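Colleague: Handing you this structure, nothing more for now.
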Amino acid sequence: MSIRMLIRKQLKNELLENVKYISRKTIKHASPKEIYYATVRTIRDLIMDQWIESHRKYEQKNVKHVYYLSMEFLLGRALSNNLINLSIDNEIRQIFEELNIDYNLIEQEEQDAALGNGGLGRLAACFLDSLVTLKIPAYGCGIRYKYGLFKQSIESGYQVEYPDTWLEDGNPWEIKRTEYETEVRFYGHIEMIDSEDPEKAFEHKGYKTVRAIPYDIPIIGYESDNINTLRLWDAEPVKLIDLKYFQEGKYQDAVSERNLAQTIVDVLYPDDSHFEGKELRLKQQYFFVSATLQEAIRKFKEKNEMSKLPDKVVFQLNDTHPSVAIPELMRILIDNENLNWAEAWEITTNCCAYTNHTVLSEALERWPVDLFSRLLPRIYQISEEINRRFIVELTTKYHRSQDVIQRLSIIADGQIKMAHLAIVGSFSTNGVAALHTDILKKYVLHDFYEIFPERFNNKTNGITQRRWLLKSNPELAKFITRRIGDGWIIDLAQLKELECYLEDDVTLEELKSIKQENKIKLAKYIKEKNNVDINPYSIFDVQIKRLHEYKRQLLNVLHILYLYNLIKENKQVEMVPRTFIFGAKAAPSYHRAKLIIKLISDIGSVVNNDPDVGDKLKVVFLENYRVSLAEIIFPASDLSEQISTAGKEASGTGNMKFMLNGALTIGTLDGANVEIKEEVGDENIFIFGNTAEEIEQLTREATYNPREIYEKNPTIKKIMDQLIDGTFNPDKNLFSDLYNSILNGMWSRPDEYYLFADFDMYIQAQKKVSETYKDSRKWAQISLLNIARSGKFSSDRTITEYAMDIWKTVPIDI
């Protein structure tokens with residue numbers, strides 16, 4: 001009997017036993033959900049010794065650990081991904097086949113973990129995969145959200161938000177670790193105490209306490225013996241109920257501690273358009289950061305002296321959300337470990353590294369001082385001192401003017417600027433694409449770059465090919481492996497070997513066939529979910545990403561209306577059929593973004609049912625965009641819409657997933673599009689629009705006049721008028737906010753994201769797309785070339801650069 005057969009027999013026996021243990025049923029009578037839970041239990045049992053051994057070896061060797069602090073980890077489903085990484089997916093599928101069970105039904109029982117929203121969270125998940133595959137000791141650290149961001153439903157074209165109850169039946173992958181619980185303090189006040197050292201003459205009193213309880217989830221690498229950990233913190237009260245208050249009839253007071261704890265972990269990104277939402281968001285950030293740092297220091301102290309902390313620990317701050325880690329680490333070192341300020345600051349600034357993910361000023365978090373100081377009085381006090389000393393340094397060491405000092409101050413105008421705190425308190429600040437980092441240096445953070453040039457560096461984002469090709473597009477994965485072997489799974493640069501097949505007709509026909517099957521699969525999904533029949537031979541033109549005006553879903557809409565009007569003006573017009581596919585969530589308080597969803601939905605209702613249009617044009621908005629849905633969309637996509645206003649998108653990772661799956665890119669020279677263009681060449685990507693420098697010039701000179709363009713361009717005028725003339729909704733005022741935001745401006749400049757400035761160039765680029773698509777062989781060649789040159793965009797490459805340049809960590813063999 002072969003080793004594989006022995007493994008399969010062992011797994012099958014354990015699965016059957018776990019079904020009985022979990023459900024008190026035989027597998028014949030167990031439900032798909034019960035079988036799913038038993039399967040996860042079987043896999044967890046299989047890896048447990050390996051998981052324990054990984055951390056035992058890390059501790060034995062006293063290795064340096066990366067703590068990757070992130071508000072989001074958009075993991076997706078774990079079962080199939082873990083089976084692939086363990087190389088037992090075929091065995092499990094064969095077991096289910098022997099038992100007459102549809103594996104796909106079991107897989108679909110797993111809920112997407114509601115721990116993230118957009119690219120930030122998915123990047124963190126890809127990084128975890130690469131970290132463990134590359135054998136780098138690391139913890140992902142975040143919050144165990146009960147309901148995630150929200151579950152999106154599209155009702156009468158409107159986004160409606162519901163709680164995402166992904167934990168309703170528990171998470172079978174996680175293990176509760178109460179032995180590592182810690183306390184996090186909020187509110188209270190600071191009192192002076194007798195002390196010879198003025199730096200230690202403070203004590204936090206009158207605070208409220210929340211218990212932080214860690215839940216550990218295994219992160220399994222591809223054919224790696226190492227298993228790392230995602231540690232998510234849950235919040236529990238010190239006292240579930242105060243019986244004294246309860247007996248007195250003070251029921252709200254009796255459960256106030258419980259309510260405080262529960263709200264911290266209820267939802268991702270609470271609406272911060274009001275004071276309570278701001279307070280809760282800050283509370284969340286401090287909660288998981290404080291819990292993580294306290295546990296990291298406890299673990300470190302088991303074998304090390306505090307002065308060695310930078311040699312053994314690095315805290316990577318994924319955007320500004322965890323930047324409160326800097327004053328929190330100072331608090332721990334000064335208040336708990338009795339270090340003086342100079343010692344603590346030296347350690348802190350050599351332990352913390354900061355990743356900036358945005359150039360948008362509204363995303364560079366700022367907290368009102370009155371809120372921050374009331375919620376975190378000791379942390380604010382330390383932040384004030386960091387700012388005071390930094391200002392002194394700016395004056396005496398760097399000789400900066402008062403204007404520059406005002407711009408760089410961490411605390412100014414009644415606000416504490418978290419990006420400034422992150423830069424001052426870190427040894428590294430990195431952007432996430434070459435253009436993004438350049439913009440940070442030249443514009444957004446230019447003053448800081450002049451002072452700390454050695455701290456700034458670029459780490460272009462990446463994606464894990466295990467999730468986004470091997471798992472989500474298995475036929476394409478097999479197609480590649482048959483030609484170049486399977487080394488690409490851990491070395492994506494090997495895809496370049498596919499270039500020798502660019503003139504091979506058999507290869508090109510097979511590639512076209514795989515794409516077509518994936519399109520048929522997506523068309524079936526759309527029919528089931530949206531009841532829209534789409535032409536699987538049309539161009540699948542796809543824009544799936546967070547809904548924000550700078551990402552310019554509206555520019556895509558303008559093009560759709562341009563094509564629709566062509567058809568209405570001439571029913572016989574020849575046109576390459578298009579299916580426009582959107583997927584996105586809008587923040588609950590982002591009115592205009594939600595209005596764009598409604599507009600797309602209403603346009604779809606009209607276009608999809610217009611007999612003049614037929615199957616030339618279809619518009620579909622897929623609700624509740626998530627990882628498991630993305631895994632169906634990316635393999636089926638022909639055209640990747642990456643059309644943000646140049647200079648606004650930090651990097652993007654969706655563009656990389658499309659590229660890896662053979663979609664061609666239409667986009668501006670923004671984010672990682674610039675580097676994709678460098679990889680594939682000008683002729684194999686559809687670039688249009690103003691550059692970041694040209695957009696900056698238009699903004700600076702303030703000569704751009706969208707109203708004038710509207711008046712002079714009849715095509716644009718007709719499209720815009722259709723928003724308010726009842727063409728797509730009888731309520732002519734419904735989309736007036738969108739109309740006015742472009743032509744008149746509301747709380748910003750008219751057409752702030754330069755839709756009209758790029759419109760004509762976008763239309764011409766789309767015409768080139770259609771012409772290219774007509775030549776199916778040429779399209780397949782460009783598709784194959786895109787796949788072959790996507791090697792740079794592996795998260796393995798990104799993490800290798802982080803490890804070498806920032807963290808100074810090395811792989812550890814288990």
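Colleague: Restricted to the stretch 532-548, and to residues that are surrounded by 22 or more Cβ atoms within 10 Å (Cβ to Cβ) and charged (D, E, K, R), which residue is farthest from the chain's Cα centre (by Cα)?
Modeller: Checked the stretch 532-548; the qualifying residue farthest from the chain's Cα centre (by Cα) is Asp541.
Colleague: Is it the case that some residue within the stretch 715-738 is within 22 Å of Asn661 (Cβ to Cβ), not hydroxyl-bearing (Ser, Thr, Tyr) and not in a helix (DSSP H, G or I)?
Modeller: We begin by selecting, within the stretch 715-738, every residue within 22 Å of Asn661 (Cβ to Cβ); these are none.
No: the stretch 715-738 contains no residue that is within 22 Å of Asn661 (Cβ to Cβ), not hydroxyl-bearing (Ser, Thr, Tyr) and not in a helix (DSSP H, G or I).
Colleague: List the number of the failed condition for Ile814; all other conditions in (1) open to solvent by less than 50 Å² (accessible area, probe 1.4 Å); (2) at pLDDT 95 or above hold.
Modeller: (2)
Colleague: Continuing with the same structure: List, please: which pairs have Cβ atoms under 8 Å, are six or more places apart or on different chains, and start with a residue in the stretch 277-302 that is within 14 Å of Val267 (Cα to Cα) and end with one that is of a type in the set (Ser, Thr, Tyr) and not in a helix (DSSP H, G or I)?
Modeller: The qualifying pairs are Arg281/Tyr269.
Colleague: Please work out if Ile676 is under 30 Å from Gly148 (Cα atoms) and open to solvent by less than 10 Å² (accessible area, probe 1.4 Å).
Modeller: No.
Colleague: Being under 30 Å from the mean Cα position of the chain (by Cα) and not in a loop (DSSP other than H, G, I, E, B) is the filter here, so list the residues in the stretch 740-760 that pass it.
Modeller: Ser741, Ile742, Leu755, Phe756, Ala757, Asp758, Phe759, listed by residue number.
Colleague: Still on this structure, please answer the following. If you scan the stretch 172-204, which residues turn out to be modelled with pLDDT of 95 or more and of a type in the set (D, E, K, R)?
Modeller: If the condition is that a residue be modelled with pLDDT of 95 or more and of a type in the set (D, E, K, R), then Glu174, Lys176, Arg177, Glu179, Glu181, Glu183, Arg185 are the ones that fit.
Colleague: Can you tell which of Thr798, Thr727, Thr809 is among the β-branched types (Val, Ile, Thr) and touching a helix residue (DSSP H, G or I) at 6+ places or on another chain (Cβ under 6 Å)?
Modeller: Numbers: Thr798 fails: touching a helix residue (DSSP H, G or I) at 6+ places or on another chain (Cβ under 6 Å); Thr727 fails: touching a helix residue (DSSP H, G or I) at 6+ places or on another chain (Cβ under 6 Å).
Among Thr798, Thr727, Thr809, only Thr809 is among the β-branched types (Val, Ile, Thr) and touching a helix residue (DSSP H, G or I) at 6+ places or on another chain (Cβ under 6 Å).
Colleague: Additional query: Specify the residue that is least open to solvent (accessible area, probe 1.4 Å); the eligible residues are those in the stretch 332-365 that are more than 30 Å from Leu435 (Cα to Cα) and not in a helix (DSSP H, G or I).
Modeller: Narrowing the stretch 332-365 to residues more than 30 Å from Leu435 (Cα to Cα): 332-347.
When the remaining residues are screened for being not in a helix (DSSP H, G or I), the result is 337-340.
Details: Glu337: 46, Asn338: 103, Leu339: 23, Asn340: 56 Å².
Across the stretch 332-365, the extreme among qualifying residues is Leu339.
Colleague: So which helices (runs of 4 or more DSSP H) are wholly in the stretch 604-694 and hold at least 2 residues that are of a type in the set (Asp, Glu)?
Modeller: Counting at least 2 such residues, we get 673-680.
Colleague: So, of the residues in the stretch 51-70 that are in a helix (DSSP H, G or I) and open to solvent by less than 50 Å² (accessible area, probe 1.4 Å), which turns out to be nearest to Leu11 (Cα to Cα)? Before you say what the answer is, go through the steps one by one.
Modeller: From the stretch 51-70, those in a helix (DSSP H, G or I) are 51-61; that's our starting set.
Remaining after also requiring open to solvent by less than 50 Å² (accessible area, probe 1.4 Å): 51, 54-55, 57-58.
Working: Trp51: 18, Ser54: 22, His55: 25, Lys57: 27, Tyr58: 28 Å.
Taking the candidates together, the pick is Trp51.
Colleague: Follow-up question, since we're still on this one. May I ask you to list the residues in the stretch 80-90 that are closer than 18 Å to Leu16 by Cβ and surrounded by fewer than 17 Cβ atoms within 10 Å (Cβ to Cβ)? Quick ask: steps written out before the conclusion?
Modeller: Our first condition is that a residue be closer than 18 Å to Leu16 by Cβ; within the stretch 80-90, this holds for 83, 88.
None - no residue of the stretch 80-90 is closer than 18 Å to Leu16 by Cβ and surrounded by fewer than 17 Cβ atoms within 10 Å (Cβ to Cβ), so the list stays empty.
Colleague: For the stretch 317-331, which residues satisfy the criterion of being of a type outside the set (S, T, N, Q), open to solvent by less than 10 Å² (accessible area, probe 1.4 Å) and outside any helix (DSSP H, G or I)?
Modeller: Let us first name the residues in the stretch 317-331 that are of a type outside the set (S, T, N, Q), namely 317, 319, 321-322, 324-331.
Pick out the ones that are also open to solvent by less than 10 Å² (accessible area, probe 1.4 Å) and you get 317, 322, 324-330.
Matches in the stretch 317-331: Leu317 only.
Colleague: Out of everything in the stretch 256-285 that is touching an Asp or Glu at 6+ places or on another chain (Cβ under 7 Å) and in a helix (DSSP H, G or I), what residue ends up being surrounded by the most Cβ atoms within 10 Å (Cβ to Cβ)?
Modeller: The residue in question is Ala261.
Colleague: Looking at Ile190, Ile213, Ile154, Ile217, can you tell me which residue is in contact (Cβ under 8 Å) with a residue 24 or more places away in the chain and in contact with a Leu (Cβ under 6 Å, 6 or more places away or on another chain)? Step through it out loud before you land on a result.
Modeller: Working: Ile190 fails: in contact with a Leu (Cβ under 6 Å, 6 or more places away or on another chain); Ile213 fails: in contact with a Leu (Cβ under 6 Å, 6 or more places away or on another chain); Ile154 fails: in contact with a Leu (Cβ under 6 Å, 6 or more places away or on another chain).
Going through Ile190, Ile213, Ile154, Ile217 in turn, just one is in contact (Cβ under 8 Å) with a residue 24 or more places away in the chain and in contact with a Leu (Cβ under 6 Å, 6 or more places away or on another chain): Ile217.
Colleague: Further, regarding this structure: Looking at the stretch 209-223 only, could you name the residues that are crowded, with 21+ Cβ neighbours inside 10 Å and within 23 Å of Arg467 (Cα to Cα)?
Modeller: Ile217, Pro218, Ile219, Ile220, Gly221, Tyr222
Colleague: On to the next question. Is one or more of the residues making up the stretch 746-765 in contact with a strand residue (DSSP E or B) (Cβ under 7 Å, 6 or more places away or on another chain) and over 30 Å from Ser156 (Cα atoms)?
Modeller: First pass over the stretch 746-765, keeping only residues in contact with a strand residue (DSSP E or B) (Cβ under 7 Å, 6 or more places away or on another chain): 765.
If we keep only those that are over 30 Å from Ser156 (Cα atoms) as well, we get 765.
There is at least one residue in the stretch 746-765 that is in contact with a strand residue (DSSP E or B) (Cβ under 7 Å, 6 or more places away or on another chain) and over 30 Å from Ser156 (Cα atoms).
Colleague: So Leu376 passes all but one of these: (1) closer than 23 Å to Glu279 by Cβ; (2) out of contact with any Phe, Trp or Tyr (no Cβ under 8 Å at 6 or more places or on another chain); (3) crowded, with 22+ Cβ neighbours inside 10 Å. Which condition number does it fail?
Modeller: Of everything listed in (1) closer than 23 Å to Glu279 by Cβ; (2) out of contact with any Phe, Trp or Tyr (no Cβ under 8 Å at 6 or more places or on another chain); (3) crowded, with 22+ Cβ neighbours inside 10 Å, Leu376 misses just condition (2).
Colleague: Give me the pairs, please: first residue somewhere in the stretch 378-392 and acidic (Asp, Glu), second residue anywhere and open to solvent by less than 50 Å² (accessible area, probe 1.4 Å), beta-carbon distance under 7 Å, and either six or more positions apart or on two chains.
Modeller: Sorted first by the residue in the stretch 378-392, then by its partner, the pairs are Glu384/Ile411.
Colleague: Here are some residues: Asn336, Asn340. Which one is out of contact with any strand residue (DSSP E or B) (no Cβ under 9 Å at 6 or more places or on another chain), over 18 Å from Trp807 (Cβ atoms), free of Cβ contacts under 8 Å to residues at least 60 places away in the same chain and of a type in the set (S, T, N, Q)? Write out each step before concluding.
Modeller: Details: Asn340 fails: free of Cβ contacts under 8 Å to residues at least 60 places away in the same chain.
Selected residue: Asn336, the only one of Asn336, Asn340 that is out of contact with any strand residue (DSSP E or B) (no Cβ under 9 Å at 6 or more places or on another chain), over 18 Å from Trp807 (Cβ atoms), free of Cβ contacts under 8 Å to residues at least 60 places away in the same chain and of a type in the set (S, T, N, Q).
Colleague: Now, a different point. Any residue in the stretch 733-746 that is under 30 Å from Tyr537 (Cβ atoms) and touching a residue at least 60 places away in the same chain (Cβ under 8 Å)? Step through it out loud before you land on a result.
Modeller: Start the filter on the stretch 733-746 by keeping residues that are under 30 Å from Tyr537 (Cβ atoms), which leaves none.
For the stretch 733-746, residues under 30 Å from Tyr537 (Cβ atoms) and touching a residue at least 60 places away in the same chain (Cβ under 8 Å): absent.
Colleague: A further question on this structure: Quick one: in the stretch 91-133, of everything that is crowded, with 24+ Cβ neighbours inside 10 Å and assigned to a loop (DSSP other than H, G, I, E, B), which residue is farthest from the chain's Cα centre (by Cα)?
Modeller: Ala113
Colleague: Output the number of the condition that Lys585 fails; it satisfies all remaining conditions of (1) in contact with a helix residue (DSSP H, G or I) (Cβ under 6 Å, 6 or more places away or on another chain); (2) assigned to a loop (DSSP other than H, G, I, E, B).
Modeller: Going through the list (1) in contact with a helix residue (DSSP H, G or I) (Cβ under 6 Å, 6 or more places away or on another chain); (2) assigned to a loop (DSSP other than H, G, I, E, B), Lys585 breaks only (1).
The values are calculated or read from the model by the stated rules, or taken from the named source; none is laboratory data. Everything numeric in this text was worked out from a predicted model, so none of it was measured. A quick note on method: Cβ atoms are made from the backbone with ideal geometry, for glycine too, and the neighbour counts reach across all protein chains shown. For the accessible areas, the whole protein counts, side chains as well, though only heavy atoms, and no ligand, DNA or RNA atoms are used. Shrake-Rupley method; radii C 1.70, N 1.55, O 1.52, S 1.80 Å.
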